[in-house]
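A quick write-up on the structure given underneath.
The values are calculated or read from the model by the stated rules, or taken from the named source; none is laboratory data. From a predicted model like this one, the values you see are computed outputs, not experimental measurements. Every residue, glycine among them, receives a Cβ derived from its backbone with ideal geometry; neighbour counts consider all protein chains shown. Note: areas computed on protein heavy atoms with side chains; ligands, DNA, RNA excluded. Shrake-Rupley method; radii C 1.70, N 1.55, O 1.52, S 1.80 Å.
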Amino acid sequence: KEKEKEKELNKNDNNSSNVEDIESQKIELVKQITNVELFLLNLAICNSVLPEHSVSADGVVTTKYLSPSPDEEALVTAAATNGISLSQRTSTTVSITIQNPNISLRSTSSSSSKYQSESTSSSSISPTRATSSSLSSPSSPVGRVITYEVVRVLEFTSERKRMSVIIRDVNGNLILLTKGADSEIEKRLAVNCDKDLKDITMNHLVDFACEGLRTLILGYNHLTQEEFEEYNKLYDEASISLKDRDGLVEEANNTIEQNIQLLGATAIEDKLQEGVPECLNNLRAAGVRVWVLTGDKQETAINIGHSSGLLQTGMHIFVFKSFSDEELEENDKIAKQKNFLEETFDERKIRRDMESKAHAKESFENALKYIMKSGRDDNDNDRNNNNKKEKENKRKQEEEQKEKE
């Protein structure tokens, strides 16, 4: 009997363990689905794109996205292709249209907000509740329009290197959506951010950068009403300040752009305009020094340097990657120890100045000789043409005189 009881207990333990595994898998699935929906929602809303609709004679509605940035237009188009299209934008609202029946945007519901804001422990949300409210919910009808209130837009600037928008859904939930450079978003990620997702995303960013693609990181954060009101008070005070207004506004924005949950990354091909490599080569051939300033990742910058012809095969490339003056000095010492820098900066500068001046002088003299030669040739041609015309006129006069006689 004791053996039978032990077998029965083991059987029950195995069954309960299997149930827990299944429920855990369901919760993870819900999390992944929610992240994908939030990713697409971020692409569709966190931008300054304006949709323009037109109706053809056949009654077919087409949407054109107007944007000062081709990158934003590409991202909004990507969201529309995958089921969430930007349909209307006003100063206070933004509307999206669900084109994919599998998208329900349950991520903006209050239960989902609890789920996303914390761990998958049973104390914060029960597995049964998560699966019943998420997996078992009916699919969204295609063409359903969802409108969000735009509470605040934190514009993109070259200094901020990111853009954020705070929206409120029909249930009153506040969501901050953000996207920007990895150097800015990574340091604002929440402590409980998914480590596996972060590692995978960072590896993808390096791969994208090596291909010369422009990258962005996307994230979000569910805000409480108290958090928003505290931020809003700081923002209002900063916006009416008569001293260092921009700096105070940026400090206020920094307080709300924290504890970001990572969603993923995007990569866009950065095509050069036609003739860029040839233009840079001509400038350098004329002795002009060329610098390229880019806000991209180091790998992207090097790739663009090669594609633009600024960096060429056989060149020795020096990479200085530092985050402080101390690191820069240390890197400089290491480089000198490895004999990478055989000359001092002043010596190198003087030598390059002399070479550039000599090259520029030679190029100028050659250009001047060409111009002068072209001018002489043109003068000779003009004189020859004038002589021919004079001879022709003289011949005609002689013929006319003979006819009169």
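Considering only residues in region 146-160 that are touching a Ser or Thr at 6+ places or on another chain (Cβ under 9 Å) and open to solvent by 80 Å² or more (accessible area, probe 1.4 Å), the one that is nearest to GLU72 (Cα to Cα) turns out to be PHE156. Each residue in region 239-279 was checked for being of a type outside the set (Val, Ile, Thr), in contact with a strand residue (DSSP E or B) (Cβ under 7 Å, 6 or more places away or on another chain), within 16 Å of LYS179 (Cα to Cα) and not in a strand (DSSP E or B), and 3 of them qualify.
All conditions but one from (1) under 19 Å from GLY264 (Cα atoms); (2) open to solvent by 40 Å² or more (accessible area, probe 1.4 Å); (3) modelled with pLDDT under 85 apply to ASN18; the one that does not is (1). If I filter region 96-111 for residues that are touching a helix residue (DSSP H, G or I) at 6+ places or on another chain (Cβ under 8 Å), at pLDDT 90 or above and open to solvent by less than 70 Å² (accessible area, probe 1.4 Å), do I get at least one hit? Yes: one or more hits.
Residues in region 240-260 that are crowded, with 19+ Cβ neighbours inside 10 Å and in contact (Cβ under 8 Å) with a residue 40 or more places away in the chain: ASN253, ILE256, GLU257, ILE260.
From the list LEU248, LEU242, the one residue that fits, being modelled with pLDDT of 90 or more and either farther than 19 Å from GLU37 by Cα or in contact with a helix residue (DSSP H, G or I) (Cβ under 9 Å, 6 or more places away or on another chain) (or both), is LEU248.
If I ask for residues that are polar (S, T, N, Q) and either in a strand (DSSP E or B) or under 18 Å from GLU73 (Cα atoms) (or both), which ones from region 85-98 would you list? SER85, SER87, GLN88, THR90, THR93, SER95, THR97, listed by residue number. Scanning region 270-287 for residues that are within 21 Å of HIS204 (Cα to Cα) and either among the β-branched types (Val, Ile, Thr) or open to solvent by less than 80 Å² (accessible area, probe 1.4 Å) (or both) yields a single hit, ASP270.
Residue by residue, here is whether (1) modelled with pLDDT of 80 or more; (2) in a strand (DSSP E or B) holds:
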{"position": "SER54", "(1), (2)": "yes, yes"}
{"position": "LEU75", "(1), (2)": "yes, no"}
{"position": "ALA78", "(1), (2)": "yes, no"}
{"position": "SER122", "(1), (2)": "no, no"}
